Amino acid sequence: MRTLLLMTVVLFVSATLATQLKEAEEEAAPGCDRDGVHYGSGDRVPHPDKCAWCSCRGGHISCVMTQCAFPQCVDSVESENSCCRTCPNGENCRTPEGIIPFGETWTESRGEYCVAKCRCRPYRHHATCKLQCNFPESRESNSTDD
């Protein structure tokens with residue numbers, strides 16, 4: 001029983017000392033140096049790629065890259081305040097004649113009897129077009145004259 005009690009005390013003291021040692025190491029952790037600038041542990045470290053979020057931890061610089069969603073427009077722009085491209089004119093797509101907003105339909109005559117109808121659909125840069133034709137009925141007579 002004494003051995004079990006002694007082992008429990010030793011484990012408790014060891015765990016406490018390990019926690020205190022880790023906390024002391026983090027407090028005394030060396031900073032990081034980059035391009036002649038010193039950064040303290042926990043400080044954000046600038047990176048040339050604005051999509052990278054870097055920080056100094058325990059004397060090492062580690063970075064995480066921001067994952068951007070695919071822009072839902074054909075005229076996306078790079079924002080000064082964000083690393084992800086944005087759609088200043090909203091979601092849109094391209095037709096043979098230009099750019100139309102998401103959900104709208106563009107129609108163009110294709111000859112005397114046909115019309116092209118193009119619709120801007122999600123996750124597509126080009127409008128989906130269908131050709132619809134309305135041909136007149138034939139006026140030929142099927143009668144036979146002898």
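The values are calculated or read from the model by the stated rules, or taken from the named source; none is laboratory data. None of these values were measured; they are calculated from a predicted model. Neighbour counts are summed over all protein chains in view; Cβ atoms, including those assigned to glycine, are modelled from backbone coordinates with ideal geometry.
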- [ ] Return the residue satisfying two criteria in turn: it lies in segment 112-131 and is of a type in the set (D, E, K, R) and not in a strand (DSSP E or B), and of such residues it is modelled with the highest pLDDT.
- [x] Glu112
- [ ] Those residues that are modelled with pLDDT under 90 and of a type in the set (D, E, K, R), I need them from segment 79-111; list them, please.
- [x] Glu80, Arg94, Glu97, Glu104, Glu108, Arg110
- [ ] Determine which member of the set Ser62, Ser109, Ser55 is without any contact (Cβ under 8 Å) to a residue 40 or more places away in the chain, surrounded by fewer than 10 Cβ atoms within 10 Å (Cβ to Cβ) and part of a strand (DSSP E or B).
- [x] Ser109
Task: Inter-residue pairs, beta-carbon under 6 Å, first touching a residue at least 12 places away in the same chain (Cβ under 8 Å) and surrounded by 14 or more Cβ atoms within 10 Å (Cβ to Cβ) and in segment 74-87, second of a type in the set (Lys, Arg) and assigned to a loop (DSSP other than H, G, I, E, B), 6+ apart - done: Cys83/Lys50
